[in-house]
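The structure appears below as structure tokens.
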Amino acid sequence: MARIQIHGGVPLEGEVRISGAKNAVLPILVASLLGDGPSRVSNVPHLQDVTTTMELLGRMGAQLSVGDGMQIEIDPRSMEHYEAPYDLVKTMRASILVLGPLVARYGRAIVSLPGGCAIGSRPVDLHLRGLQALGAQVEVRNGNIEARADQLKGARIIMDTVTVTGTENILMAATLARGTTVIENAAQEPEVVDLADFLISMGAKIHGAGSNTITVEGVDRLEGTTYSVLPDRIETGTYLVGAAMTGGRVRCTRSRPAHLDAVLNKLADTGADIHVGEDWVELDMRGRRPRSVDITTAPYPGFPTDMQAQFTALNTIAEGTGVITETIFENRFMHVQELQRLGADISVKGKTAIIRGVSGLNGAPIMATDLRASASLVLAGLVAEGVTIVDRVYHLDRGYEIIEEKLSGLGARIKRIGSAAA
Ligand code: EPZ
């Protein structure tokens with residue numbers, strides 16, 4: 001199992017180019033199944049989850065080809081299987097996103113029920129209830145979700161909880177339903193808006209994406225399209241936190257700072273100087289130690305749960321005490337015990353972590369447990385004295401494109417090494 005070795009103590013300096021957003025490209029690749037012709041998607045990040053999604057679509061019979069610069073063409077005209085098997089779903093929960101498109105376009109789907117994962121139980125009940133509201137017959141049998149529908153019909157759906165992929169599944173299905181669908185208490189994340197824009201470019205009639213009420217006028221068919229995926233706001237935030245922790249100065253290019261208000265406000269509270277342009281954002285820490293910040297995660301436009309672990313790491317070496325409350329997932333503090341191995345002073349009580357800043361961390365072998373936790377461990381390694389080795393970096397590869405190359409480009413002493421000696 002590959003590991004990453006970091007020799008801490010170097011401020012991050014320079015420019016880093018931000019990749020396309022993982023949580024936008026996954027639903028967009030799957031949404032291409034709704035079209036009567038091929039779609040071309042560009043600015044696709046080179047990530048394990050993208051590879052898994054391509055394998056899933058390929059197994060269903062879609063034709064995929066990869067152009068230069070990671071442009072992917074998906075041609076759904078040869079689709080012949082409508083299943084997402086357990087061996088793929090267990091590696092990527094977002095496979096559940098095929099459910100809406102398969103039922104809407106092909107009238108049937110068998111999708112393995114995603115299990116829990118490290119950060120929480122992650123139920124999909126709201127996905128299923130939404131599809132049933134649109135007229136699909138949905139059963140859970142032998143660990144599979146089996147859904148059928150001759151013709152979906154528009155409905156008014158009130159989501160009990162704000163769910164990103166739940167909103168996306170219902171949105172995709174509604175595009176081909178007969179009549180009007182209204183999704184109330186919809187997720188407002190920029191990735192939901194990017195998916196809606198992709199669907200609109202295919203001929204879908206969608207209004208209100210980005211607000212808590214999305215209205216969809218069903219159409220008879222959708223065309224293939226060409227589309228470029230929006231930049232990854234979580235990747236951007238991760239590199240900016242790295243600059244703040246190491247006292248450096250980093251400019252993220254090809255990014256979308258307008259999607260990062262809550263994160264940039266908190267970074268400013270740490271004492272960082274922040275400058276933004278249309279498609280770039282720069283953080284300059286001027287060699288200073290960050291101040292502690294208090295965080296409570298919330299659905300967009302609130303503070304993103306996917307940035308919680310990174311700010312937990314920042315607070316470990318900040319001046320003062322920071323209180324971080326995780327409201328979205330029930331077990332998203334797996335990084336805490338690993339940070340404690342580096343010397344962090346953190347106590348967790350239920351959904352809240354209290355982090356007392358220490359003057360420094362010391363490198364040690366640590367283990368990644370989930371995608372964003374692994375990013376926070378790499379960030380901590382950048383400031384820890386001596387060498388930190390992060391194990392199980394496959395978690396990292398799911399959501400961060402060539403992270404060690406991008407960090408090396410910013411001056412970090414970081415490299416990928418082989419698996420631990422047996
Ligand atoms: C998406 O996950 C993201 N993944 C997650 O990013 C992100 O952390 C999360 O949204 C929250 O922003 C993708 O977009 C592929 P949810 P998702 O449904 O859609 C509960 C990363 O690191 N819920 O918005 O699975 C659920 O338990 C990943 O990139 C139900 O109760 O999250 C949670 O408490 C991690 N029933 C809350 O809603 C349901 O049917 C929000 O979950 C669905 C969700």
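The values are calculated or read from the model by the stated rules, or taken from the named source; none is laboratory data. In this text the structure is predicted, and so the values were computed from the model without any measurement. Neighbour counts run over all protein chains shown; Cβ positions are idealised from the backbone, glycine included. Just the protein is used for accessible areas: all its heavy atoms, side chains included, with ligands, DNA and RNA removed. Shrake-Rupley method; radii C 1.70, N 1.55, O 1.52, S 1.80 Å.
Test Val293 against the stated conditions and say whether it is part of a strand (DSSP E or B) and more than 16 Å from the ligand (Cβ to nearest atom).
no
For residues that are open to solvent by 50 Å² or more (accessible area, probe 1.4 Å) and hydrophobic (A, V, I, L, M, F, W, C), scanning just region 275-306, find the one that is nearest to the chain's Cα centre (by Cα).
Trp280
I want to confirm something. Restricting to region 201-228 and keeping residues that are of a type in the set (A, V, I, L, M, F, W, C) and touching a Ser or Thr at 6+ places or on another chain (Cβ under 6 Å), which single residue is surrounded by the fewest Cβ atoms within 10 Å (Cβ to Cβ)?
Met202
For Val103, state whether it is of a type in the set (A, V, I, L, M) and either open to solvent by 50 Å² or more (accessible area, probe 1.4 Å) or more than 15 Å from the ligand (Cβ to nearest atom) (or both).
So Val103 fits the description; yes.
Checking the structure you have, find out if any residue of region 84-94 is exposed (fewer than 15 other Cβ atoms within 10 Å of the Cβ) and either near the ligand (Cβ under 10 Å from one of its atoms) or in a helix (DSSP H, G or I) (or both).
Within region 84-94, one or more residues are exposed (fewer than 15 other Cβ atoms within 10 Å of the Cβ) and either near the ligand (Cβ under 10 Å from one of its atoms) or in a helix (DSSP H, G or I) (or both).
Please indicate, with yes or no, whether at least one residue in region 229-236 is touching a Cys at 6+ places or on another chain (Cβ under 7 Å) and open to solvent by less than 10 Å² (accessible area, probe 1.4 Å).
Checked against the condition, which is being touching a Cys at 6+ places or on another chain (Cβ under 7 Å) and open to solvent by less than 10 Å² (accessible area, probe 1.4 Å), region 229-236 yields at least one hit.
Output the residues belonging to region 56-107 that are closer than 30 Å to Ala118 by Cβ and among the basic types (Lys, Arg).
Arg59, Lys90, Arg93
Looking at the structure I just gave you, is Ala309 of a type in the set (A, V, I, L, M, F, W, C), within 17 Å of Ala244 (Cα to Cα) and either within 16 Å of the ligand (Cβ to nearest atom) or over 17 Å from the mean Cα position of the chain (by Cα) (or both)?
Yes, satisfied.
Of the residues Val25, Val16, which is in contact (Cβ under 8 Å) with a residue 60 or more places away in the chain, part of a helix (DSSP H, G or I), open to solvent by less than 10 Å² (accessible area, probe 1.4 Å) and under 28 Å from Trp280 (Cβ atoms)?
Val25
Against the definition (part of a loop (DSSP other than H, G, I, E, B), at negative phi and not acidic (Asp, Glu)), how does Pro45 come out, yes or no?
yes
Could you pull out the residue among Glu385, Glu330 that is among the acidic types (Asp, Glu) and either within 24 Å of Arg251 (Cα to Cα) or within 26 Å of the chain's Cα centre (by Cα) (or both)?
The match here is Glu330.
Find the residue count for region 200-223, including only residues that are away from the ligand (no atom under 16 Å from the Cβ) and either touching a helix residue (DSSP H, G or I) at 6+ places or on another chain (Cβ under 6 Å) or in a strand (DSSP E or B) (or both).
The total comes to 9.
With the requirement that a residue be free of Cβ contacts under 8 Å to residues at least 40 places away in the same chain and either open to solvent by less than 30 Å² (accessible area, probe 1.4 Å) or more than 21 Å from Leu195 (Cβ to Cβ) (or both), what does region 36-56 give you?
Scanning region 36-56 gives a single hit, Val50.
Between residues in region 108-136 that are within 14 Å of Ile183 (Cα to Cα) and residues that are within 8 Å of the ligand (Cβ to nearest atom), which pairs lie under 6 Å by C-beta distance while being six or more apart or on different chains?
So the pair list comes out as Leu126/Thr163; Leu126/Gly166; His127/Gly166.
Are any residues in region 57-75 assigned to a strand (DSSP E or B) and either open to solvent by 30 Å² or more (accessible area, probe 1.4 Å) or modelled with pLDDT under 95 (or both), and if so, which ones?
Of everything in region 57-75, those that are assigned to a strand (DSSP E or B) and either open to solvent by 30 Å² or more (accessible area, probe 1.4 Å) or modelled with pLDDT under 95 (or both) turn out to be Gln63, Leu64, Ser65, Val66, Glu73.
For region 370-396, what are the residues that are at pLDDT below 95 and surrounded by fewer than 20 Cβ atoms within 10 Å (Cβ to Cβ)?
Result: Arg392, Tyr394.
One line per residue, one yes/no per condition, for (1) assigned to a strand (DSSP E or B); (2) more than 15 Å from the ligand (Cβ to nearest atom):
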position: Gly360; (1), (2): no, yes
position: Ile366; (1), (2): yes, yes
position: Arg372; (1), (2): no, no
position: Ala375; (1), (2): no, no
position: Gly381; (1), (2): no, yes
position: Leu396; (1), (2): no, no
position: Glu401; (1), (2): no, no
position: Ser408; (1), (2): no, yes
position: Ile414; (1), (2): yes, yes
